[in-house]
Amino acid sequence: MILKQPVLKSKQLHKHYRMGGQDLHILRGIDMEVHENEFVAIYGRSGSGKSTLLHLLGGLDRPNEGEVFFNGQEVFKLRGGKLDRYRNRHVGFVFQQYHLLPELNALENVLIGSMIGRSLIAWPTKKKQIKERAKMLLETVGLSDRMKHRPSKLSGGERQRVAIARALINEPDVLMADEPTGNLDIDTSGSIIELFQKLHEDGQTLILVTHDEGIAEVADRCLTLVQGKLS
Amino acid sequence: MYKVLLIWKYLRRKLAPMFAALAVTMCTMMVIIVISVMGGFFELLSSSAQKLSGDVTVTAFSLSGFPHYQDLIDEAEKLPEVAAATPTIQSYGLLNLRRGGANGPTGNTKTVEVMGIEPESYNKVVDYEATLMWDKGSLLDDLNRLSDARKKQLKKWETEDLAEAGSDELKKQIKEDYAAKLQQLEALTEEQSTQLSNYGLKDMGMKLEPTSQRSIRAGKELPGMVIGVEVNPYHSRDAEGKYNILNAAINDNAVLALMPINEKGDIRGEPANAEFAVVNEFKSGLYDIDANRVYVPLSVLQEKLDMTAAEEYDPETLMPTGKGVPARVTQVLFKSAPGYTAEQTAAAVTKVVKQIERENLGIPILYTQTWMQMHAHLLGAVQNEVGLVTFLFAIISVVAIVMVATTFYMIVLEKTRDIGVLRAIGASRWGIMNIYLGYGLAVGVIGALLGLFFAYEIVTNLNEIQEWLYQWFGWRMWDPRTYFFDRIPDKVDPIKATWIVIGAIASSVVGALIPALLAARLNPIEALRYE
Ligand SMILES: Nc1ncnc2c1ncn2[C@@H]1O[C@H](COP(=O)(O)OP(=O)(O)O)[C@@H](O)[C@H]1O
Ligand SMILES: [Mg+2]
């Protein structure tokens, strides 16, 4: 049997924060691998550094030491626009606070991820096709009748569904969710988790960060972040 | 693509950028208005100056003038650069204007600049005929207008008097009185009209000879004089800057006291008096000229100022010695041929002047000047003013840049989290910067075009606006009595306006630049954490 290369892999990731002359060593050598079609949960108490780790994996922040490999490619060696492109094309982010753009309606919020990285000239040629996909995604997350609504007119759960659709628009290799149910009530949380499970069943690679043990259990594999290390 | 979408959305949803746009609008508007009005004023002034002095002048800077001017003219007219030339004498004198002929009741004396001209050639070099104020038509029109006004006044008085009158008899009396007055007025108007229609006013101005009965009535043929409208002491302009025809000095008797200066530059002779009949008035548009200058025939002035040619006779043989003095003038004006600039013409004329100087030793030093050099003090002052005001407004425009910068800084602060989100989903720093630069550009374009629109509306309607302000508040921003010209310049120069609009848009982009750079430099993680 040929061992498949992991989609995402981290090697001895270290992250320090300086605060008021104090050195906070948040991540102390993280080694982890995520394989295709895997659903990995990262569990840890609040403040343990889960978000920090996810940001590093997603190329949003830089580590003080260590490297992240995406399909064997060193992410932090990417120059110029390539790192932006990595975030845009290969990773999809879902945040606890949804982070939708208030001026755009649901459909536009989903589309914008696809517009980024496409020039004014390139966009019109793909527009129709991408719009179809965005509508399809919104249907998948159960929002087919909310497409023209702006975020302020949507409930928390609905906003998070829009955010998920946005994260999926460019068919990312890895979907990263940072406590996606942190701001939601139990019922809504449940339905969002179901959505993740469904995506996973359809083959989506997923990393889900949570401080809720119950949620962590639905994953294929659960890593626990304690004292800056995974166990 | 997302940039365009976001700029569009931000423009539609935000009040803040509208303030920035408003600042751009105001600055664009101010600068365009000031440049249009002041620039227009300068252009009016310089075109009047050019029309008044021809393109090139050759002057002896002594009132005693210079001889051989006819040689100069003849030679110069052979040049391809010169279209026409005319000799003039510029002198000074005391002018005594008398209403109602030589023995009229009131006289008024003032100092004037006396220009001796040959109207026909003078008119070829400068705008002379066009500056003559009165022609038959304008006189008759004004006469009828005034006569109508008087009729109305009479009618009004009549009704007032009738209302007060007690008995029917008295009423009848009043009616008869007024009917008589009205008839008298009509007769007068009639007489004046016929008189006027006999005058070829323009012709008289052009010939500088009166055809009127008055000079004949005075028992002698008087030479004609054309005076500046503001020289006439009886004129006063109404609020619109119009002159009252009945106060025109036409046919008034004018006496000039002149100081002859001999060819050696001495003023030891007796003052000379000369009598003229005013045949027209002129209005060049330049107040200084209109308030000081009078035109008289060159030959008359030469004679009075001892500037005519004189033969010297041998006292014994009574034969000419051949050492006589030639006629003199103080300046010769030239008009450039089409296609030649004043500078080119001046250069060509200078050569002729040098030649004349070589051929006639002892001729006074002659100066060749272009019209711009001639009027440098006036034009320079106004141009400086235009420059200064433009500079001041450019500084004010910096305020617009600062306004845009602060507004955009606020917007970037407000949008920090969204910037983080955009970075998280793959937008580059460059892309973020372009959103805000593009936003600044859009605000600039909107602001500048609005500014252009308002400025255009205001400038082209300035005179109407002024009229309106005057009617409602009794305030006049542009007093025709102080600004040389009747109308506020009301043209927008499209090229200058385009530059100002481009400048305003550029300012707006510059104002957005620092906030855009700040936005681009934001750390996406910190931006996402931003509350
Ligand atoms: N920019 C920062 N500067 C200083 N400390 C930070 C910064 N970001 C995070 N931290 C600290 O790092 C720790 C981990 O944060 P985070 O990764 O957000 O934890 P979690 O997501 O597990 O709750 C926390 O103690 C937090 O206060
Ligand atoms: Mg967190």
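The values are calculated or read from the model by the stated rules, or taken from the named source; none is laboratory data. All of these numbers come straight from a predicted model, not from anything done at the bench. In this analysis, Cβ positions are derived from the backbone assuming ideal geometry, glycine residues included, and neighbour counts consider all displayed protein chains.
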Need the failing condition index for A:Asn64 against (1) at positive phi; (2) more than 12 Å from ligand 1 (Cβ to nearest atom), just the number. (1)
Helices (runs of 4 or more DSSP H) lying entirely in region B:339-449 (those with 2 or more residues that are within 14 Å of another protein chain (Cβ to nearest Cβ) and out of contact with any Cys (no Cβ under 6 Å at 6 or more places or on another chain)): B:376-414, B:416-424
Identify, by number, the condition in (1) touching a residue at least 60 places away in the same chain (Cβ under 8 Å); (2) closer than 16 Å to B:Leu517 by Cα; (3) aliphatic (A, V, I, L, M) that B:Leu413 doesn't meet. (1)
Which residues, taken from region A:21-41, are near ligand 1 (Cβ under 9 Å from one of its atoms) and either buried (at least 16 other Cβ atoms within 10 Å of the Cβ) or not in a strand (DSSP E or B) (or both)? A:Ile26, A:Leu27
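Working carefully through the options B:Asp71, B:Asp55, find the one that is touching a helix residue (DSSP H, G or I) at 6+ places or on another chain (Cβ under 9 Å), buried (at least 20 other Cβ atoms within 10 Å of the Cβ) and acidic (Asp, Glu).
Working: B:Asp71 fails: buried (at least 20 other Cβ atoms within 10 Å of the Cβ).
Every option except B:Asp55 fails the conditions.
Which one of A:Gly72, A:Gly49 is farther than 22 Å from B:Ala427 by Cβ, small (Gly, Ala, Ser) and near ligand 1 (Cβ under 9 Å from one of its atoms)?
On the way: A:Gly72 fails: near ligand 1 (Cβ under 9 Å from one of its atoms).
None of the other options fit; the residue is A:Gly49.
Just the residues that are within 16 Å of ligand 2 (Cβ to nearest atom), within 9 Å of another protein chain (Cβ to nearest Cβ) and either without any contact (Cβ under 8 Å) to a residue 60 or more places away in the chain or surrounded by fewer than 24 Cβ atoms within 10 Å (Cβ to Cβ) (or both), please, taken from region A:84-119. Let's see the steps before the verdict.
Initial filter on region A:84-119 (within 16 Å of ligand 2 (Cβ to nearest atom)): A:93-99.
Filter once more, keeping what is within 9 Å of another protein chain (Cβ to nearest Cβ): A:93, A:95, A:97, A:99.
Listed by number, the residues that qualify are A:Phe95, A:Gln97, A:His99.
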With the condition kept exactly as written, say whether any residue in region A:51-64 is under 22 Å from A:Leu208 (Cα atoms), away from chain B (no Cβ under 14 Å) and surrounded by 14 or more Cβ atoms within 10 Å (Cβ to Cβ). no
Going through region A:120-147 in order, the residues found to be away from chain B (no Cβ under 13 Å) and over 21 Å from the mean Cα position of the chain (by Cα) are A:Lys128, A:Gln129, A:Glu132, A:Ser144, A:Asp145, A:Arg146, A:Met147
Tell me whether region B:303-315 contains one or more residues that are farther than 29 Å from B:Ala83 by Cβ, aromatic (Phe, Trp, Tyr) and more than 28 Å from the chain's Cα centre (by Cα). yes
Among (1) touching a residue at least 60 places away in the same chain (Cβ under 8 Å); (2) away from ligand 2 (no atom under 16 Å from the Cβ); (3) more than 30 Å from A:Val141 (Cβ to Cβ), there is one condition A:Ile26 misses while meeting the rest; what is its number? (2)
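Has region A:74-97 got any residue that is part of a strand (DSSP E or B) and over 28 Å from A:Leu154 (Cβ atoms)? Don't jump to the end; show me each part of the working.
Within region A:74-97, the first condition is being part of a strand (DSSP E or B), and the residues that meet it are A:74, A:91-94.
From what is left, the residues that are over 28 Å from A:Leu154 (Cβ atoms) are A:74.
So far as region A:74-97 goes, yes, one or more of its residues are part of a strand (DSSP E or B) and over 28 Å from A:Leu154 (Cβ atoms).
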Tally the residues that are touching a residue at least 12 places away in the same chain (Cβ under 8 Å) and more than 14 Å from A:Ile207 (Cβ to Cβ), restricting the search to region A:43-60. 4
What single numbered condition from (1) within 16 Å of ligand 1 (Cβ to nearest atom); (2) under 14 Å from the mean Cα position of the chain (by Cα) fails to hold for A:Asn183? (2)
Let me spell it out: the conditions are (1) at pLDDT 85 or above; (2) among the acidic types (Asp, Glu); (3) within 23 Å of B:Asn96 (Cβ to Cβ), and B:Glu221 meets all of them except one. Which number is the exception? (1)
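Residues checked against (1) buried (at least 20 other Cβ atoms within 10 Å of the Cβ); (2) at pLDDT 85 or above; (3) on the phi < 0 side of the Ramachandran plot; (4) aromatic (Phe, Trp, Tyr):
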{"residue": "B:Pro338", "(1), (2), (3), (4)": "no, yes, yes, no"}
{"residue": "B:Tyr367", "(1), (2), (3), (4)": "no, yes, yes, yes"}
{"residue": "B:Leu388", "(1), (2), (3), (4)": "no, yes, yes, no"}
{"residue": "B:Val399", "(1), (2), (3), (4)": "no, no, yes, no"}
Give me a count of the residues in region B:1-38 that are of a type in the set (Val, Ile, Thr), within 14 Å of chain A (Cβ to nearest Cβ) and crowded, with 19+ Cβ neighbours inside 10 Å. 1
Residue under question is A:Thr181, and the condition is that it be closer than 20 Å to A:His211 by Cα and either within 14 Å of chain B (Cβ to nearest Cβ) or in contact with a Gly (Cβ under 6 Å, 6 or more places away or on another chain) (or both); does it hold? no
Are any of the residues in region A:62-70 in contact with a strand residue (DSSP E or B) (Cβ under 8 Å, 6 or more places away or on another chain) and either among the aromatic types (Phe, Trp, Tyr) or part of a helix (DSSP H, G or I) (or both)? yes
Please work out which residue is surrounded by the most Cβ atoms within 10 Å (Cβ to Cβ), limiting yourself to region B:496-531 and to residues that are of a type outside the set (D, E, K, R), assigned to a helix (DSSP H, G or I) and within 14 Å of chain A (Cβ to nearest Cβ). B:Leu528
Could you check A:Gly81 against (1) away from ligand 1 (no atom under 16 Å from the Cβ); (2) touching a Phe, Trp or Tyr at 6+ places or on another chain (Cβ under 8 Å); (3) at pLDDT 90 or above; (4) facing another protein chain (nearest Cβ under 9 Å) and say which number it fails? (3)
Residue count, region A:86-95, condition over 25 Å from A:Gln12 (Cβ atoms) and either basic (Lys, Arg) or in contact with a Ser or Thr (Cβ under 8 Å, 6 or more places away or on another chain) (or both), comes to 1
Could you please tell me which pairs satisfy a Cβ distance under 7 Å, a separation of 6+ or placement on different chains, a first residue in region A:11-22 that is within 17 Å of A:Gly228 (Cα to Cα), and a second residue that is outside any strand (DSSP E or B) and modelled with pLDDT under 90? none
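Is it the case, given these coordinates, that A:Lys15 is more than 14 Å from every other protein chain (Cβ to nearest Cβ) and either away from ligand 2 (no atom under 15 Å from the Cβ) or modelled with pLDDT of 90 or more (or both)?
Working: more than 14 Å from every other protein chain (Cβ to nearest Cβ): no; either away from ligand 2 (no atom under 15 Å from the Cβ) or modelled with pLDDT of 90 or more (or both): yes.
It is false that A:Lys15 is more than 14 Å from every other protein chain (Cβ to nearest Cβ) and either away from ligand 2 (no atom under 15 Å from the Cβ) or modelled with pLDDT of 90 or more (or both).
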Output the residues belonging to region B:411-430 that are of a type outside the set (Val, Ile, Thr) and over 13 Å from A:Ile112 (Cα atoms). B:Leu413, B:Glu414, B:Lys415, B:Arg417, B:Gly420, B:Ser428, B:Arg429, B:Trp430
